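Just below is one structure, and these are the notes that go with it.
The values are calculated or read from the model by the stated rules, or taken from the named source; none is laboratory data. Worth saying up front: this structure is predicted, and the values here are computed from it rather than measured. Reconstructed Cβ throughout: ideal geometry from the backbone, glycine too, with neighbour counts over all protein chains shown.
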């Protein structure tokens, strides 16, 4: 896909990857952005939702909303893809977000990372 695509995984932290015109930008750590005085993943990860006893609605409106708006303002992505274990329940929180960027669950949900790693490993010659 042409443009800027942000991939995030919501789990014990917030993982991220950035693709620009189909090329991976190395070393993104967007889970460590400061959002309202806090490291983003300490407030907006799936683990933070569980730890703080938040409903999906509370988490979406008060934590994810803030995080994704900060990311939007920095990157102006064309698409945001959400993976991680909680992505299988994306229908409970993604529709609640009011952001300007289209946001969708990863097609392979929580298995996206391992499938991507396997594909990347298959492309490398043996060492």
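A few comments on the model shown:
- Residue, farthest from residue 40 (Cα to Cα), within the stretch 70-88, restricted to residues that are in a helix (DSSP H, G or I) and in contact with a strand residue (DSSP E or B) (Cβ under 9 Å, 6 or more places away or on another chain): 88
- Taking first residues from the stretch 17-34 that are touching a residue at least 12 places away in the same chain (Cβ under 8 Å) and on the phi > 0 side of the Ramachandran plot and partners that are part of a strand (DSSP E or B) and surrounded by 12 or more Cβ atoms within 10 Å (Cβ to Cβ), no Cβ contact under 8 Å between residues at least 6 apart in sequence or on separate chains turns up.
- Qualifying position, being farther than 20 Å from residue 5 by Cα, surrounded by fewer than 18 Cβ atoms within 10 Å (Cβ to Cβ) and out of contact with any helix residue (DSSP H, G or I) (no Cβ under 9 Å at 6 or more places or on another chain), among 78, 91: 91
- Among the residues examined, residue 28 does not qualify as under 15 Å from residue 89 (Cα atoms) and out of contact with any helix residue (DSSP H, G or I) (no Cβ under 8 Å at 6 or more places or on another chain).
- Here is the figure for the stretch 19-50: residues that are under 18 Å from residue 66 (Cα atoms) and either within 14 Å of the chain's Cα centre (by Cα) or surrounded by 14 or more Cβ atoms within 10 Å (Cβ to Cβ) (or both) total 18.
- Applying the condition of being more than 24 Å from residue 19 (Cβ to Cβ) and over 14 Å from the mean Cα position of the chain (by Cα) to the stretch 60-75 and asking which residue is surrounded by the fewest Cβ atoms within 10 Å (Cβ to Cβ) yields 62.
- Any hit, the stretch 102-112, residues being part of a helix (DSSP H, G or I) and either at pLDDT 95 or above or out of contact with any helix residue (DSSP H, G or I) (no Cβ under 9 Å at 6 or more places or on another chain) (or both): yes
- Selection status of residue 16, under 14 Å from the mean Cα position of the chain (by Cα) and either within 15 Å of residue 102 (Cα to Cα) or part of a helix (DSSP H, G or I) (or both): no
- Number of the exception - residue 80 against (1) over 13 Å from the mean Cα position of the chain (by Cα); (2) modelled with pLDDT of 95 or more; (3) more than 13 Å from residue 14 (Cα to Cα): (1)
- Residue 98 vs. criteria surrounded by fewer than 16 Cβ atoms within 10 Å (Cβ to Cβ) and free of Cβ contacts under 8 Å to residues at least 24 places away in the same chain: no
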